[in-house]
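J.: First the structure, which I've put down as structure tokens, then a few questions once you've had a look.
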Amino acid sequence: MISTAIRVARVGSAAELAAAALMILGFPALMLAALVPSVPAFAALAAVTYLADHYLHRKGSYLINRLSKIRAGVSIRFLIRQLLLVMLLARLSHADDLIFYGAIGCFIAFYGLQAPHGALVTLIRNRRKMPVATRNIDLKSRIRIPDAPPRRLLHRSTEKMLHLDLFAMAGILVSAELDSSAAAGFTGIGLTLGLGLLYVLVLVPNIRAGKVPPKADAVLAAVDDWLAGYQPETVLYFSGSRDSVYQVNMWLETMEQLRTRPLIILRERAILNNLAPTTVPVICVPGGVHLMNLDLSAVRVALYAANVGKNIHLLRVPTMKHVFIGHGDSDKLASVNPYSKVYDEVWTAGRAGRDRYAIADVGVRDDDIVEVGRPQLAPIQRWLGVPEDRMPTVLYAPTWEGWDGNPGNTSVVLAGENIVNQLIAADPPVRVLYKPHPFTGTVSKEAAAAHKRITALVEKAAAERAADPRFTADKGAEAAAKSDLARIEARIAELTGKGGAKGDEAEATRDGITDVARHTEIARLRAEWNTAHWRAFPSYEHRVITGAQPRLYDCFNVSDAMVSDISSVVSDFIASGKPYAVTDSGELGHEEFKRQNTAVRAAVILSNDAGELGGLLDAVRHPAADPMLDARKELKRYLLGPDEPKSIDQFNGAVAGLALKAEARNVGQESRLAAAGLDLAQAAPLTNAVPGQRGASAGETDAVTAG
């Protein structure tokens, strides 16, 4: 019941649910205490509502946002509490006393201060927004960007201002309880109004010209000046919602390995704020007008990780070649989107991507498709068989249930327990790693319940194995590994703490230059952490793995086989060359299942009773007799391309080749214009669609965009 309530209320924990219940129920109880009347009860209930409200704000609860949508926002909640205090005074026969009128006057004046306070906070934030926010770009030497106001002034400012009424509330309640002196009440009123006025006055200096960044023209000119010096050649362009940031994050390491000068262009501040650390220069340009006024004349190749409407703002530039690289390789319809026709080329991992477009017949020419592999899969190690000093490890990595209720989405509900039970009971024994999708159970209560049962199965089996004398561990080695983990985690925390989050967007733009040495050291430490993590417990111990660390690819590398569902997890695992099984939870039948899903052509296909698991375990124990070995090699090449040359080398080669095509086009265009006797400056609109005048009006630029 509690889990259902948590899901319905969209809260993150039982504690959050309890706080929400206390806050919502506290107000009717507060009204009752005012009507009784009872000062101690009112004071206690007011404290409960204050604390519950504060806790929910600190947790960033979804419920807080929902209350605002139904006219029960934070300001209304504070006002109701204050009105109930006035009612309490009336019920206590203080309606003719000075403290009664003092309370009314205080709360009216206090709310009068909310308007200038809110206006100043909004003005400061808006004036400190940058037309172009950057990372790893030196703007400090080009323009002056002042420090951000102290974080304590603007962070959760509305809540802080409203909580100043605590002094008046406390003082008035003391006066009401003592019933002999109004001194405490007026002292509290004075503190509330005085501190409220002081808060407003402290904000005022932050709107001065010296406290805000330069205007848009100056910032854009500084960025152009940097672009002119840097001369970026390859751009990764991305637009999307905050939840889609993983689609650009997966390409950061590839961009760092390009042999040309890379640049990342983002269109949403939410993406920039959640971008993973990188050494590549990043420009976030929310406005289309500002983007089209940037000097990107040196760029020859633009890479697009998603098909979105804002792509048109860069696609319209003919001096660069445009490539769709996507954010994964699968049999999903998104992999053959007809929108892909707008790009000069579409890059796929292997032959499978090319064939998908041919079968879909959506207008993408075969000549425009280039196979470049998947550079992101480089960390996945190739299988060399089970080491002699440990038992085989089988990873169970099911996907989640999805939104549509299709039973074929995940094996967790119908097959998960059967899979885990058979793996636990395997003879000779194997180790089981259970790493569910982080969304498992968020939509389906059946999936949530099944996940809990599977987790309990794995944990129980781990406890039984730990007590079994047949399994022995090197306690000294485990203790040393745990000591290494603590040391590595402390160092990572120290490094990531330096130069952390800045005061605001402007300050982050000014100071957001990645320390390459620190970035490299953190990457090295994370690799060390991963090695130490797996040494910190016995190699036979069953494990449930949740959270961001260890990563999925790290689990691939310590496993000898995997059981999963139809998802990109399977396609990625194929890079290892290891045996794998996929569950036909929708009961399509083996042949139809293979026909619909390319990635299962070399898999052991499981029914929901998991009776076919023996075939997977045999392939792990006797690799030489594995009947699917050749099929996996062939499928790997078909889906992901050849092992040699390396994918990053193929990718770099494709970038270089396309850059030459872009340059040839531009030179040819100039030659044709010169032969026609046209002045290149006059013919600029024919050669480059980016407006050249930064002073053009928004309407004029919009007209160019529409054209």
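Coordinate-derived values only; no laboratory data. Note that the coordinates shown come from a computational prediction; the quantities given were computed from them, not determined experimentally. Note that we place each Cβ from the backbone using ideal geometry, even for glycine, and neighbour counts take in every protein chain shown.
J.: Just to be sure I understand: of the beta bridges DSSP finds with both ends in the chain, what percent are antiparallel, rounded to 5?
T.: 10
J.: Here's something else I'd like to know. Please list, in order, the residues from the stretch 39-57 whose amide nitrogen is less than 15 Å from a point placed 7 Å along the Cα→Cβ vector of ALA18.
T.: Flagged as within label range: 48-49, 51-53, 55-56.
J.: Mean projection of the alpha-carbon convex hull of the stretch 591-674 over all orientations, in nm²?
T.: 9.2
J.: How far is the Cα center of the stretch 560-575 from the Cα center of the stretch 628-664, in Å?
T.: 20
J.: At 7 Å along Cα-to-Cβ for each site, give me the label-to-label distance between LYS646 and ILE522 in nm.
T.: Label at LYS646, label at ILE522, 2.3 nm between them.
J.: DSSP loop trypsin sites (Lys or Arg not before Pro) in the stretch 88-145 with at most 16 other Cβ atoms within 10 Å of their Cβ, which ones?
T.: Hits after loop and neighbour filter: LYS129, LYS140, ARG144.
J.: Let me ask something additional. Going by the alpha-carbon gyration tensor, a ≥ b ≥ c the square roots of its eigenvalues, is the stretch 141-209 rounded (a/c under 1.5) or, if a/c is not under 1.5, prolate (a/b greater than b/c) versus oblate?
T.: It is prolate, given that a/c is not under 1.5 and a/b is the larger ratio.
J.: Listing THR531, THR509, THR583 from the residue with the fewest other Cβ atoms within 10 Å to the one with the most, what is the order?
T.: Arranged by neighbour count, lowest to highest, THR531, THR509, THR583 become THR531, THR509, THR583.
J.: To continue, here is another question. Would you list, by chain and number, the lysines whose Cα falls below 26 Å from the Cα of LYS594, excluding same-chain residues fewer than 8 positions away?
T.: In chain and number order, the partners are LYS332, LYS435, LYS578, LYS633, LYS636.
J.: Need the full-extension length gain, ALA270 to ILE108, defined as separation in residues times 0.36 nm minus the C-alpha distance. One decimal, nm.
T.: Fully extending the segment from ALA270 to ILE108 adds 54.6 nm.
J.: Moving to a separate point now. Starting at 0 and stepping by 20 Å, how many percent of the alpha carbon pairs of the chain end up in each bin?
T.: It works out to 14, 37, 34, 14, 1, in whole percents.
J.: Take each uninterrupted DSSP H stretch in the chain, measure its Cα extent along the helix axis, and return the ones at 15 Å or beyond whose mean Kyte-Doolittle hydropathy is at least 0.5.
T.: Helix filter hits for the chain: 14-35, 39-58, 74-91, 98-127, 165-178, 183-203, 216-230.
J.: For the stretch 321-378 and the stretch 480-538, write down the distance between their C-alpha centroids in whole Å.
T.: 35
J.: Based on the Kirkwood radius over alpha-carbon pairs, what is the Stokes-Einstein translational diffusion coefficient of the stretch 438-519 at 4 °C with 1.567 mPa s viscosity, in µm²/s?
T.: Reported coefficient: 72 µm²/s.
J.: Right, here's the next one. Over all directions, what mean area does the Cα convex hull of the stretch 501-643 project, stated in square nanometres?
T.: Averaged projected area of the stretch 501-643's Cα convex hull equals 13.0 nm².
J.: Let me ask another. What lysines could a cross-link reach from LYS140, if we take a straight Cα to Cα line under 22 Å and drop same-chain neighbours fewer than 8 places away?
T.: LYS129, LYS211, LYS215, LYS498, LYS502
J.: Starting from the Cα coordinates of the stretch 218-270, work out the convex hull volume and express it per residue in Å³.
T.: Taking the convex hull of the Cα positions in the stretch 218-270, it is 73 Å³ per residue.
J.: For the stretch 474-535, would you read off the P(r) tail past 17 Å as a percentage of all alpha carbon pairs?
T.: 50
J.: Please enumerate, by chain and number, the aspartates and glutamates with C-alpha under 13 Å from the C-alpha of LYS646, excluding those fewer than 8 residues away in the same chain.
T.: Here the aspartates and glutamates satisfying the reach criterion relative to LYS646 are GLU371.
J.: Plugging the Kirkwood radius over Cα pairs into Stokes-Einstein for the stretch 337-457, at a temperature of 20 °C and a viscosity of 1.002 mPa s, what D comes out in µm²/s?
T.: Once the numbers are plugged in, D ends up at 119 µm²/s.
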